[in-house]
Amino acid sequence: MRKAGILVATALALVLPGTGALAAKDQDKDKKEPSAAVKAARDFNKDPYPSTYKPYPGRATVIVGATVFDGTGKRFDKGVVLLKDGKVAGIGGSLAELDVPADAVRIDGTGKFVTPGIIDAHSHLGDYPSPGVDAHSDGNEMTDPATPNVWAEHSVWPQDAGFSRAMANGGVTALLVLPGSGNLMGGRGVVLKNVPSRTVQGMKFPAAPYSLKMACGENPKRVYGSKGRAPSTRMGNFAVNRETWIKATEYRRKRDEGKLESRDLKMETLAGVLDGTILVQNHCYRADEMALVLDMAKEFGYRVSTFHHGVESYKIGDLLKQADTCSAVWADWGGFKMEAYDAIPENAGLLFKAGACVVIHSDDANGIQRLPQEAAKAQGDARRIGIDIADAEVIRWLTLNPAKAIGVDKLTGSLEAGKAGDMVLWNGNPLSVYSRPEKVWVDGALLFDSSDRKRRPVSDFELGQPGEGDVK
């Protein structure tokens, strides 16, 4: 009887509505397809404006006899560096250590210096291009204290003459272009290869993560307080930030549960930060505010990759080391506003002594052309208080550390086998004010040669202008 009962129940399930396989089929029909908004939000990390960068053609190249700073803190006297197939193929003390192709271009580096390409972790080139006129002021969307929906790349003008100046005078091969600091959340920054291109997509560093530019302190409270709206105080800054992160947390939850009804470009960027796919670059001067921001990051589950400017970072070097947060600093800028009052030129040296990540940045179209000299000033100031830092380690502040800060240290920033062939040959020690780049390679392609006018990039905007092509 039990077997018969099972057979009857099975038969009923097959014919009665709402039961068995037929019911499951009906329920499938009732299931709604995810909305277009949900599908798009689930896939928001896929870049709708992907990089179209393709390396320029290059040749296998070996430099022999130069002093080589590899970017990791190592120095090779009379060293050898080989670039092949767009990558660093090897580095050592003699040619015998490397598999050099017979047709490789050979360069005598005797008396000269080699470093990885210089990386600026804080630039506004393209967003505030030259000439510096109001019509070119496209870096600050100061219409709301939180504008994570804007992207710096959508303001970048590839014809900015500052790009070629940065390469010719400063050996810069990559840079992070950030929105300005008028807002608490200023938008997404973009990592660029410093190469001539008709479009910003042709400059975008493939596989580099986006960054969210944030700012604390005087700028946001001044901008919005003057408009009679929040934030007008530092506590207002913090409150607006927290309210915005709460909204982002809720948006992310709905996204993950498939319950979104519409897209929100602001929240998509912030959800990316909470996912860990978008880095945080935070403009901040005072030590107390940096410590508060680190607490807020813990509250909402994100990490601050870098504090920018950080003139008081030296006061909390231990906290920054513990958080694995870099400080992108100037050598000696300070005192130009109240929150910069306690700046000291020993900042970088004290951070280094504390074991924290040090980056020398520019935030300036002229400063980007002289980053090694800025680093040398910081090195000298450290030495004067008894902190002796080797040249090879100081070069790391300009190469591997900024690469880490902007999320590309696995790809560039040091002369290690397999990394991008981004390299500079200097006519002397790059930490000397008298030294200049002789040659600059990006992905193994020689893009600047001081002895060859055909390899001195000139922007379209400069064509026909007085002094066209001059490197000054």
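Can you give me the number of residues within the range 313-329 that are assigned to a loop (DSSP other than H, G, I, E, B) and touching a His at 6+ places or on another chain (Cβ under 7 Å)? Number satisfying all stated conditions: 0. Filtering 303, 242 for residues that are surrounded by fewer than 17 Cβ atoms within 10 Å (Cβ to Cβ) and under 19 Å from residue 122 (Cβ atoms) leaves a single hit, 303.
Restricting attention to the range 76-107 and to residues that are of a type in the set (D, E, K, R) and out of contact with any strand residue (DSSP E or B) (no Cβ under 6 Å at 6 or more places or on another chain), the residue that is surrounded by the most Cβ atoms within 10 Å (Cβ to Cβ) turns out to be 84.
If I filter the range 108-135 down to residues being in a loop (DSSP other than H, G, I, E, B) and buried (at least 24 other Cβ atoms within 10 Å of the Cβ), which single residue comes out as farthest from the chain's Cα centre (by Cα)?
Only one residue tops the list, namely 129.
Looking across 195, 191, one residue alone is more than 15 Å from residue 280 (Cβ to Cβ), of a type in the set (Val, Ile, Thr), touching a Leu at 6+ places or on another chain (Cβ under 7 Å) and crowded, with 18+ Cβ neighbours inside 10 Å. It is 195. If you filter the range 252-305 down to residues that are touching a Pro at 6+ places or on another chain (Cβ under 6 Å) and of a type in the set (A, V, I, L, M, F, W, C), you find that the one that is nearest to residue 343 (Cα to Cα) is 279.
When the range 382-403 is limited to residues that are in a helix (DSSP H, G or I) and in contact with a Ser or Thr (Cβ under 8 Å, 6 or more places away or on another chain), the one that is surrounded by the fewest Cβ atoms within 10 Å (Cβ to Cβ) turns out to be 400. Look at the range 142-156: where a residue is hydrophobic (A, V, I, L, M, F, W, C) and modelled with pLDDT of 95 or more and a partner is part of a helix (DSSP H, G or I) and surrounded by fewer than 23 Cβ atoms within 10 Å (Cβ to Cβ), sitting 6+ places away or on another chain with Cβ atoms under 7 Å, you get 142/223; 146/240; 146/244; 146/266.
Against the conditions (1) out of contact with any Asp or Glu (no Cβ under 6 Å at 6 or more places or on another chain); (2) buried (at least 18 other Cβ atoms within 10 Å of the Cβ), residue 152 satisfies every one except (1).
Here are some conditions: (1) under 18 Å from residue 364 (Cα atoms); (2) buried (at least 23 other Cβ atoms within 10 Å of the Cβ); (3) in contact with a Ser or Thr (Cβ under 9 Å, 6 or more places away or on another chain). Residue 181 meets all but one. Which one does it not meet? With respect to (1) under 18 Å from residue 364 (Cα atoms); (2) buried (at least 23 other Cβ atoms within 10 Å of the Cβ); (3) in contact with a Ser or Thr (Cβ under 9 Å, 6 or more places away or on another chain), residue 181 is out only on (3).
Tell me the residue from 294, 265, 270 that is of a type in the set (A, V, I, L, M, F, W, C), surrounded by fewer than 22 Cβ atoms within 10 Å (Cβ to Cβ) and in contact with a strand residue (DSSP E or B) (Cβ under 8 Å, 6 or more places away or on another chain), please.
Answer to the selection: 294.
Of all residues in the range 57-69, those satisfying the criterion of being part of a loop (DSSP other than H, G, I, E, B) and surrounded by 16 or more Cβ atoms within 10 Å (Cβ to Cβ) are 58, 60. When the residues of the range 202-235 are filtered to those that are farther than 20 Å from residue 148 by Cα and in contact with a Phe, Trp or Tyr (Cβ under 9 Å, 6 or more places away or on another chain), the one that is surrounded by the fewest Cβ atoms within 10 Å (Cβ to Cβ) is 206. Determine whether residue 181 is of a type outside the set (Val, Ile, Thr), assigned to a loop (DSSP other than H, G, I, E, B) and closer than 20 Å to residue 327 by Cβ. Taking the combined requirement at face value, the residue satisfies it. Per the conditions (1) more than 22 Å from the chain's Cα centre (by Cα); (2) surrounded by 15 or more Cβ atoms within 10 Å (Cβ to Cβ), the sole criterion not satisfied by residue 281 is (1). Note on the range 28-63: among residues that are basic (Lys, Arg) and under 25 Å from the mean Cα position of the chain (by Cα), the one that is modelled with the highest pLDDT is 54.
The values are calculated or read from the model by the stated rules, or taken from the named source; none is laboratory data. No experiment lies behind these values; they were computed from the predicted model shown. Every residue, glycine as well, gets a Cβ built from its backbone with ideal geometry; the counts of neighbours run over all protein chains shown.
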